[in-house]
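To start, the structure itself, in C-alpha cells.
The values are calculated or read from the model by the stated rules, or taken from the named source; none is laboratory data. Predicted model, so just to flag it, every value in this text is computed and none were measured. For neighbour counting, all protein chains shown are included, and Cβ atoms are generated from backbone atoms with ideal geometry for every residue, glycine included.
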Ligand code: UD1
Ligand code: M6R
C-alpha cells in the first residue's frame with residue numbers, strides 16, 4: 001500500500017506531480033479553432049469536436065505535458081480553457097455574488113489563503129476567508145447574494161460541515177471543493193469541484209493542499225472566462241499550469257539536500273517562517289506541518305508584521321525560514337532578510353533558481369542556507385514552494401523519532417467540534 005515508501009506521507013508527497021495531472025485531467029481544453037473574438041471562444045466551448053480535451057494526460061509523459069505548456073505562448077489558436085463540469089451552470093450566479101467567502105480549517109484554509117489574491121484579481125468580486133469554527137462562533141452575517149466556498153480534503157470536517165449547514169440556512173449559494181467523492185460536504189453543497197488528488201492517508205495533508213490550490217486557480221480562471229482584459233493574465237497562468245507537474249518533480253529531486261537541512265534543525269526548539277503575498281500561506285502551512293508532525297514549536301508570520309512584534313524573537317539562536325522567491329514582493333522580502341540578518345538570525349532562504357543576486361550574495365555564508373526552486377507564475381508559486389517544507393517536516397519528524405503518519409492527539413478527519 002505504501003508502494004515501496006516507508007510512510008504514507010512521503011509516498012503522498014512524491015505522488016504530487018501525478019496528483020496535479022489528475023486534478024487537471026479533463027478540465028483543460030485545448031482550443032483548435034482559429035483565433036477569434038470572445039463570442040467565438042464561447043461557441044467553441046459548446047462544440048466539443050473543436051476542442052481537444054486534455055483527458056489523456058495520464059498517457060503523456062511529464063515532458064510532453066511541459067512541451068504542450070511551453071508551446072502555447074500567446075497563440076490563441078492553441079489557447080486552452082477550463083471546463084469544470086460541476087460549475088458550468090453556476091458561473092453567472094457566482095459572478096453576480098456580492099462576496100465570495102472561503103470557509104475551511106487547517107491546511108485547507110491555507111489553500112484558500114494561497115489562492116485568494118488570484119480570485120480577487122480575476123473575478124473582481126470581494127473575497128473573504130473564514131476559519132469555519134470562528135465563523136460559527138461569531139454567527140457571522142451571511143446573505144442570499146453571498147457565495148460560500150467550502151474547502152475540505154475529507155469532506156467530513158465537523159466545523160466546516162456545520163458552517164455549511166449554517167450558510168445554507170442563511171440562503172447563500174454553497175460551493176464545495178472536496179477530495180472525497182460522496183462525502184457529506186460534497187453531497188450537501190449546491191455545486192462544486194472534486195479535487196481528484198487521490199486518497200490521502202497520512203494525517204498531514206500534502207497532495208490535497210497543492211491540488212486544492214490548483215482547483216481554486218482553475219475556478220478563478222473559469223469565472224473570469226468572459227473578461228477580455230484578463231485574457232493575457234489567464235493565458236500566462238494556463239501555460240504555467242501545464243508546466244507545474246514537471247517543475248514539481250524537479251523540486252522533489254532536492255530531497256537529499258532537505259534531509260541535510262533537517263539534520264541541522266532537528267534539535268531546535270522553535271522554527272519561525274516568514275512569507276507575504278501569495279507565500280504568506282506557504283509560511284503558515286510550513287509551520288502547521290512542522291508543529292503537527294515533529295512537535296517542534298513553529299510559527300508562520302506575515303513578513304509585513306515583522307516590526308510589529310516578531311522581530312523581538314530574533315537572535316543568533318533562532319532559526320527562521322524566509323520564503324523569498326521572485327514575485328512583485330521580492331524587494332520587500334529582501335528587506336525582511338536584511339532585518340533578520342542584522343539581528344544575527346540563522347536563516348533558511350527559499351529563493352528562485354534564477355535569482356543570481358540573492359544566490360550570489362549568500363552562497364558561502366555559513367549562517368544562511370539556500371533552497372532554490374524554479375520560478376513559475378506568481379499565483380502558482382505556492383504549489384512548488386511548499387514541497388521542500390513538506391519534505392523538511394517529514395525528515396525532521398523521522399529524525400526526532402515520532403510517528404509521521406499518525407501524530408499524537410490528531411485524527412485524519414476531525415468529525416467532532
Ligand atoms: C465528472 C465525474 C468524472 C468524469 C467527468 C466527465 C464524478 C464524481 N465525476 O467530473 O468521473 O470523468 O465528470 O465529464 O462522477 N460537487 C458538489 N460539491 C463538491 C464537489 C462536487 O456538489 O464538493 C458536484 C458537482 O457540482 C458535480 C458533481 O459533484 O455535479 C461532480 O463534480 P466533479 O467530479 O468535480 O465533476 P467533473 O469534473 O465534471
Ligand atoms: O479534511 P479537511 O481538509 O477538512 O481537514 C481540515 C484540517 O483538519 C486538516 O487540514 C488538518 O489541518 C491537517 N491535519 C493538516 O495537515
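Brief remarks follow.
- Restricted to strands (runs of 3 or more DSSP E) entirely inside the stretch 307-417, those with at least 2 residues that are over 22 Å from the mean Cα position of the chain (by Cα) and more than 16 Å from ligand 1 (Cβ to nearest atom) are 346-352, 368-373.
- Qualifying residue in the stretch 19-39 (condition: closer than 20 Å to residue 237 by Cα, modelled with pLDDT under 55, touching a strand residue (DSSP E or B) at 6+ places or on another chain (Cβ under 7 Å) and surrounded by 20 or more Cβ atoms within 10 Å (Cβ to Cβ)): no
- Which listed residue, of 133, 205, is surrounded by fewer than 21 Cβ atoms within 10 Å (Cβ to Cβ), under 21 Å from residue 285 (Cβ atoms) and within 14 Å of ligand 2 (Cβ to nearest atom): 133
- Tally of residues being surrounded by 19 or more Cβ atoms within 10 Å (Cβ to Cβ) and closer than 18 Å to residue 283 by Cα across the stretch 338-355: 9
- Residue 285 vs. criteria out of contact with any strand residue (DSSP E or B) (no Cβ under 8 Å at 6 or more places or on another chain) and crowded, with 18+ Cβ neighbours inside 10 Å: no
- Test for residue 149: is it touching a helix residue (DSSP H, G or I) at 6+ places or on another chain (Cβ under 7 Å), within 16 Å of ligand 2 (Cβ to nearest atom) and modelled with pLDDT of 95 or more: no
- Among the residues of the stretch 290-306, those that are within 14 Å of residue 266 (Cα to Cα) and assigned to a helix (DSSP H, G or I) comprise 290, 291, 293, 294.
- Evaluation of residue 374 against (1) farther than 24 Å from residue 12 by Cα; (2) in contact with a strand residue (DSSP E or B) (Cβ under 9 Å, 6 or more places away or on another chain) (one fails), failing number: (1)
- In the stretch 78-109, the residues that are closer than 20 Å to residue 238 by Cβ and assigned to a helix (DSSP H, G or I): 78, 91, 94, 95
- Scanning the stretch 305-319 for residues that are in contact with a helix residue (DSSP H, G or I) (Cβ under 8 Å, 6 or more places away or on another chain) and surrounded by 16 or more Cβ atoms within 10 Å (Cβ to Cβ) yields 306, 311, 314, 319.
- Where strands (runs of 3 or more DSSP E) fall entirely within the stretch 110-221, those with at least 2 residues that are under 15 Å from the mean Cα position of the chain (by Cα), under 22 Å from residue 94 (Cα atoms) and within 16 Å of ligand 1 (Cβ to nearest atom) are at 146-152, 173-178.
- Residue within the stretch 182-195 that is without any contact (Cβ under 8 Å) to a residue 40 or more places away in the chain, on the phi > 0 side of the Ramachandran plot and in contact with a helix residue (DSSP H, G or I) (Cβ under 9 Å, 6 or more places away or on another chain) present: no
- Unmet requirement for residue 229, which otherwise passes all of (1) more than 16 Å from ligand 1 (Cβ to nearest atom); (2) closer than 22 Å to residue 385 by Cβ: (2)
- Restricting the stretch 208-228 to residues that are over 25 Å from residue 13 (Cβ atoms) and at pLDDT 95 or above leaves a set whose member that is farthest from ligand 2 (Cβ to nearest atom) is 224.
- Residue under evaluation residue 241, criteria (1) surrounded by 24 or more Cβ atoms within 10 Å (Cβ to Cβ); (2) more than 16 Å from ligand 2 (Cβ to nearest atom); (3) closer than 21 Å to residue 98 by Cα, criterion not met: (3)
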